[in-house]
Structures are given as C-alpha cells and as structure tokens.
1. Take the residues in the range 124-134 that are more than 13 Å from ligand 2 (Cβ to nearest atom) and of a type in the set (D, E, K, R); name whichever of them is least open to solvent (accessible area, probe 1.4 Å).
2. Every residue in the range 165-176 that is touching a Ser or Thr at 6+ places or on another chain (Cβ under 8 Å) and either crowded, with 22+ Cβ neighbours inside 10 Å or small (Gly, Ala, Ser) (or both), please.
3. When the residues of the range 210-253 are filtered to those that are among the hydrophobic types (A, V, I, L, M, F, W, C) and in a loop (DSSP other than H, G, I, E, B), which remaining residue is modelled with the highest pLDDT?
4. So which residues in the range 67-123 are polar (S, T, N, Q), within 16 Å of ligand 1 (Cβ to nearest atom), touching a helix residue (DSSP H, G or I) at 6+ places or on another chain (Cβ under 8 Å) and open to solvent by less than 50 Å² (accessible area, probe 1.4 Å)?
5. Of the residues that make up the range 216-225, is at least one open to solvent by less than 20 Å² (accessible area, probe 1.4 Å) and more than 16 Å from the chain's Cα centre (by Cα)?
6. Scan the range 238-251 and tell me whether some residue there is more than 20 Å from the chain's Cα centre (by Cα), within 18 Å of GLU173 (Cβ to Cβ) and of a type in the set (Val, Ile, Thr).
7. Which residue pairs have Cβ atoms closer than 7 Å, lie 6 or more positions apart in sequence or on different chains, and pair a first residue in the range 88-100 that is within 16 Å of ligand 2 (Cβ to nearest atom) with a second residue that is not in a strand (DSSP E or B)?
Amino acid sequence: MNIKPIKPLIDSYGRRIRKLRVSLLDACNFRCVYCMPLDPVFMDSSRWLRPQEIERVCSALVDFGLEQIRLTGGEPTLRDDFRDIVLRLSSLPLDKLGLTTNGWNLTKELDFLSDTNCRHINISLDSLTKEIFTRITRRDYFDKVLDSILSAKRLGFHVKINTVLMKGINDHEIFDFIRFSAEHEVEIRFLELMSIGQANGYKDKLFVPASDIIQMISTREELTGEESECDSTSFNFKTSSGASIGFIASETLPFCGNCSRWRLSADGFLRACLMSENGIYIRDVEPEDYKAKLNELLMMKPYRKIERIEQDMYKIGG
Ligand code: SAM
Ligand code: SF4
C-alpha cells in the first residue's frame, strides 16, 4: 500500500496522476497487424533508459503520489536486464506492479516473477485458433502464448487477457473467449481497435464497437456489472456462465475525464496522454527541478479525447 502522496499531481480538472505505463523498449518479436509494420525501425538500444534511470524516475514519481506501474513495450520481456528492472521497481512502495506482455517469453520468467511484487500480468491473445492468431500476429507462437497464460494462472498470478476484436477476423470467437474465461477462471478484456498508427489504415474496415459485442453476448448470457475503480480503463461484467469479461471502449466511451495515467517511453520521454505527442524528457532532470517539470506535464494532459495519432502503438508503449 502506498502510504502518502507527498506532493500529489492533480491537474486543473481534478485528475490525480497515480498510474504509469513504462515502456522498456519499442522492439518486439511479434508483428501484430494493428500495432507494427512488417519491417519496423526500432530505436537503438543505447537510447534505452538504464535500469537505475528507470528506478530513479519511478521512485521520484512515487514521491509525487504514483501508486501503480505497468511495464510494457514493445515486448518488455525481451530486454536482457528485464529482471534487474523488475527487482528495482519491486522494491518501491507501490500498490501494484504489473506487466503487459505478448506471452512469448513468459513461462521462462514466471518463477522469477513469483518472488517479486509483479503479480498482475496482462497477456495479449487475439484468437483462440492457431491460424487466426498467426494471421494477426504474423508469428507462429500460439502454443507458447497459450502455455504462458495457463502457467501464469496455475502459479497464482492475477492474469488478464487482452483481446482486440476485429470485424470478420476474430469477432466470431467472442463466445469461445467467454467459454475460455469460465473454464480457466481468467478475465478477458475486449479492446476496441484504437485509431493509432498502423490501425488507422484498418479502422474503417475492422472496427467493432463494444456496444455491439455487449448486445451480442446479451442474446445468450446474462451480464452482471462488476464494480471497478473510477479511473479504470475497463468496465466489467460476470456472465451467467461464469466468465469474467471487461471492455476497453477507448473509442466509443473514452475515459479521458477520469484518466490518471502517464507514460514513459523507453528513451525517457514522459507523456501525458497516449494520443498526444506532447511531453517532457525526464532522463536528465535534476531532483530539484522535478516539481516544475511535472507541473508542466500536468498542463499538457488533454481533457477531451484526441481522435487519432499517427505514431505507432509500439513506439508509444501500449
Ligand atoms: N507486447 C505487449 C503485448 O502485446 O501485450 C505489450 C505492448 S502492446 C503495444 C500492449 C497492448 O496494446 C496489447 O494488448 C495490444 O493488443 C494493444 N494494442 C496495440 N495497438 C492497438 C490498437 N491500435 N488498438 C487497440 N489496442 C492496441
Ligand atoms: Fe508486439 Fe505487443 Fe505490438 Fe503485438 S501488440 S506487435 S506483441 S508490441
């Protein structure tokens, strides 16, 4: 439990910053069609924040009231110093330390993670069939990812599956995902395809609003709403068959008015919003200048949703 926001970061709309997504690198070994081109140009690893720099920035933000950190990328588990970073952040007084991963390398990390405070793992899985999974990720790693999900569950981690639903590609699998959730007692969150980078080229054709999915599910299942934090990105239900499902409707029901998140890129660019390229380089900021710099960033947080961004998701940190 985080004890005290000493100098809480509250903007003029009353939004308090308490969550940070930390992108460890932009590189990834998958090529999900909505996230990355087939031939991406990744930043040179010499630009990545070193583990001690990540720790320094995060620790300073904890003094300003940060309560939760989620590691992401690119694919965070691909960094050689992944464990060093997790250990450092694990020693901070956070309410929650989490990881968002494609699951490819996860089974190898689970024993290590079991001994840390990183207990919340979100794993991306867009299809329950090998063929469609391969079509979306452009990689033949379905079995590895499934194994990671089931192993993480077995070891007692809080596991959530992230599924981006796309019309005519995987939206016919909704009830398979619901069965999977009930059978393996794992929460599935259906994400609306966001107007970010690569996805802008597919959006008109593939977009499925969360309301359509909810309507479809309601024809077969009774949905009971679950309570969630006021700054949660998702709204959640239990289904009559025992599944736990959530919806991240970033496009049709944006949560900007309650957003409590900042993002740190692999090279130390701290941004106020996923959809805006405004931010500050934090790497070389001296401790005595933090307050002024962070206040600058607070002012950059948009209140209304920005419609689209051309930068790709993997470069921002998802
Ligand atoms: N590589 C890790 C993974 O796939 O979980 C972490 C980074 S990835 C960018 C984080 C999440 O962003 C994934 O669940 C992915 O499906 C989601 N994502 C990427 N591009 C998206 C888009 N345009 N719309 C919605 N979700 C997207
Ligand atoms: Fe990689 Fe995650 Fe982007 Fe897929 S969504 S290409 S796994 S960073």
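The values are calculated or read from the model by the stated rules, or taken from the named source; none is laboratory data. All of these numbers come straight from a predicted model, not from anything done at the bench. Cβ: placed from backbone, ideal geometry, glycine included. Neighbour counts: every protein chain shown. Please note that ligands, DNA and RNA were not included when accessible areas were found on the heavy atoms of the full protein model with its side chains. Shrake-Rupley method; radii C 1.70, N 1.55, O 1.52, S 1.80 Å.
1. Selected residue: LYS130.
2. Selection gives ASN170 alone.
3. Initially, the range 210-253 is screened for residues among the hydrophobic types (A, V, I, L, M, F, W, C), giving 210, 213-214, 216-217, 223, 230, 235, 237, 243, 245, 247-249, 253.
Now drop any that are not in a loop (DSSP other than H, G, I, E, B), which leaves 230, 243, 249, 253.
Values: CYS230: 85, ALA243: 98, ALA249: 95, LEU253: 92.
In this case the residue turns out to be ALA243.
4. Hits for the range 67-123 are THR77, THR100, THR101, ASN102, ASN105.
5. Pass one, the range 216-225, residues open to solvent by less than 20 Å² (accessible area, probe 1.4 Å): 217.
Subsequent filtering for residues that are more than 16 Å from the chain's Cα centre (by Cα) retains 217.
For the range 216-225, residues open to solvent by less than 20 Å² (accessible area, probe 1.4 Å) and more than 16 Å from the chain's Cα centre (by Cα): present.
6. Yes, because at least one residue in the range 238-251 is more than 20 Å from the chain's Cα centre (by Cα), within 18 Å of GLU173 (Cβ to Cβ) and of a type in the set (Val, Ile, Thr).
7. LEU99/PRO76; THR100/GLY318
Yes or no, residue by residue, for (1) assigned to a loop (DSSP other than H, G, I, E, B); (2) in contact with a strand residue (DSSP E or B) (Cβ under 8 Å, 6 or more places away or on another chain):
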residue	(1), (2)
ASP39	yes, no
MET43	yes, no
GLN52	no, no
THR77	no, yes
ILE85	no, yes
LEU94	yes, yes
TRP104	yes, no
ARG119	no, yes
